[in-house]
Amino acid sequence: MAIDIKVPTVGESISEVTLLKWVKNTGEYVERDEVIAELESEKATFEVNAEKAGVLTTNAAEGDTLNIGDTIASIDDTAARPEPEPGAEQAPADKKPAEAKTPAPDPEKQKPAAVPGNGTTTAASVKATPVASAIIADKGLNPKDVTPSGIAGKIVKEDVLAALANPGRKAFAGGELYSRNERAQKMTSLRKTISRRLVEAKNTTAMLTTFNEVNMKPIMDIRSKYKDKFKEAHGVGLGFMSFFAKACAIALSEWPSVNAYIDGDQILFHDYADISIAVSTPRGLTVPVIRNVESLSMAGVEKAVLDLAKKARDSKLTAEDLTGGTFTITNGGVFGSLISTPIINLPQSAILGMHNIVERPIAENGQVVIRPMMYIALSYDHRIVDGRESVSFLVRVKELLENPALLLIQQDPIKTLLEL
């Protein structure tokens, strides 16, 4: 008999999902618990597994919007398991494949010939006619700036001449000069949610932003000096996020209104720091949560960040990973942002924005010195957080970051860092 595969319940407030892609297709034999599809809700992506082994029949197309409980596929568990193809058996482990017995190629013959005029592109990666190659070499062109029109994507003489005749003019990928092409693309459930929540944050909060700057040299010195020992001791790198997360956790305990949010006609305070970390993914911005940062060590924070970042890249974040959060940190500096005003992540009352580290001249002990500086920004809901709290919070974060020993306060702060 056929087993129906239905859209599972993924959260109390989620009523529909989008079918991102089929991992297995109609007619394929699937094993029990094998992933057959990926779905996306307004909060996260998740996988659908086969409940039985058998032949799959799909009932929905990629991009379809489905309700919770809809049948997306069926599995015929009475279907016979396909026989392996002749010769598909694996070779014995003690016997090496025939290919392995061939002599190693001459390294000199394996070196790709360089294309003149471009030290980073090889002839093996560019297809061009001899005449086109000669012109490219003579003019010092980058072959990637030439749009090929020859057979099988080969660059011909006319392509090179066209590139030379139109310096600095290049159409978007797949288009032509002076193209007026427009493309329509359906918004994903995640993008719809991001749009709705950002507009809601702008319209329902009295949002202001206060700024400061941090001398990152003390942190950079610690990372440079102890990163190898830290990695050896904990199996994870020592990044900036652990310093910022711990600094915010301490400041949140001292200024609890920044760690609160409005619940009806009450203000709900949190005696813990669940810090959301904004992560950019191909499908949009997500904010997974690190729980109880105040109780974690530096290594604990770094491990949590690494785990959540990997889940985000692999689209494995669960609704639980994204639920809650009392405060958010976002790092626009990884994209080169010098300064910005981040938007509050509702229902939270504040968000800290990190930015690019730039060497700038500053006054220090009466002298002008060059230091690696970072602007930091705190956007906050003025309905809950007053100017005194917001400015004092940011000043405290600055103080902790510029004196990182305060984050590790003990007789020997370095031993605290390394947990020795």
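The values are calculated or read from the model by the stated rules, or taken from the named source; none is laboratory data. Not measured: the values here are computed from a predicted model. Backbone-built Cβ (ideal geometry, glycine too); neighbour counts: all protein chains shown. Side chains are part of the model used for accessible areas, which takes the heavy atoms of the whole protein and leaves out ligands, DNA and RNA. Shrake-Rupley method; radii C 1.70, N 1.55, O 1.52, S 1.80 Å.
Worth pointing out:
- Some residue of the range 170-182 being out of contact with any Leu (no Cβ under 6 Å at 6 or more places or on another chain), in a helix (DSSP H, G or I) and hydroxyl-bearing (Ser, Thr, Tyr): no
- Residue list for the range 285-324, restricted to those being surrounded by fewer than 16 Cβ atoms within 10 Å (Cβ to Cβ), free of Cβ contacts under 8 Å to residues at least 24 places away in the same chain and more than 21 Å from Ala350 (Cβ to Cβ): Asp307, Lys310, Asp314, Glu320
- Among residues that are in a loop (DSSP other than H, G, I, E, B) and either open to solvent by 70 Å² or more (accessible area, probe 1.4 Å) or touching a helix residue (DSSP H, G or I) at 6+ places or on another chain (Cβ under 6 Å) (or both), Thr26 is included.
- The set of residues in the range 334-355 that are in contact with a strand residue (DSSP E or B) (Cβ under 7 Å, 6 or more places away or on another chain) and open to solvent by less than 50 Å² (accessible area, probe 1.4 Å) comprises Ser340, Pro342, Ile344, Asn345, Gln348, Ser349, Ala350, Ile351, Leu352, Gly353, Met354, His355.
- Screening the candidates Glu42, Glu62, Glu34, Glu51 for the property of being in contact (Cβ under 8 Å) with a residue 40 or more places away in the chain, open to solvent by 30 Å² or more (accessible area, probe 1.4 Å) and farther than 30 Å from Arg196 by Cα yields one hit, Glu51.
- Some residue of the range 46-54 being closer than 19 Å to Thr318 by Cβ and modelled with pLDDT under 85: yes
- Scanning the range 114-125 finds no residues that are under 25 Å from Glu176 (Cβ atoms), part of a loop (DSSP other than H, G, I, E, B), modelled with pLDDT of 80 or more and not aliphatic (A, V, I, L, M).
- Qualifying residue in the range 196-207 (condition: assigned to a helix (DSSP H, G or I), surrounded by 14 or more Cβ atoms within 10 Å (Cβ to Cβ) and modelled with pLDDT of 95 or more): no
- Some residue of the range 356-366 being crowded, with 16+ Cβ neighbours inside 10 Å and either modelled with pLDDT of 95 or more or outside any strand (DSSP E or B) (or both): yes
- Of the criteria (1) part of a strand (DSSP E or B); (2) more than 20 Å from the chain's Cα centre (by Cα), which one Pro347 fails: (1)
- Checking Ala152, Ala162, Ala134 one by one, the residue that is part of a helix (DSSP H, G or I), on the phi > 0 side of the Ramachandran plot and open to solvent by 40 Å² or more (accessible area, probe 1.4 Å) is Ala152 and no other.
- Considering residues of the range 5-23 that are open to solvent by less than 40 Å² (accessible area, probe 1.4 Å), part of a loop (DSSP other than H, G, I, E, B) and within 18 Å of Ala50 (Cα to Cα) only, the residue modelled with the highest pLDDT: Val7
- Residue, most open to solvent (accessible area, probe 1.4 Å), within the range 208-237, restricted to residues that are within 26 Å of the chain's Cα centre (by Cα) and among the hydroxyl-bearing types (Ser, Thr, Tyr): Ser224
- Residue-level analysis places Pro282 among those that are surrounded by fewer than 20 Cβ atoms within 10 Å (Cβ to Cβ), within 30 Å of Gly63 (Cβ to Cβ) and out of contact with any helix residue (DSSP H, G or I) (no Cβ under 7 Å at 6 or more places or on another chain).
- Looking only at the range 238-276, and only at residues there that are touching a residue at least 60 places away in the same chain (Cβ under 8 Å) and more than 28 Å from the chain's Cα centre (by Cα), the one that is surrounded by the fewest Cβ atoms within 10 Å (Cβ to Cβ): Asp263
- Considering residues of the range 29-48 that are assigned to a strand (DSSP E or B) and not hydrophobic (A, V, I, L, M, F, W, C) only, the residue farthest from the chain's Cα centre (by Cα): Tyr29
- Scope the range 317-328; condition within 17 Å of Asp307 (Cα to Cα) and touching a helix residue (DSSP H, G or I) at 6+ places or on another chain (Cβ under 6 Å); matching residues: Leu317
- Some residue of the range 328-335 being of a type in the set (Ser, Thr, Tyr) and in contact (Cβ under 8 Å) with a residue 40 or more places away in the chain: yes
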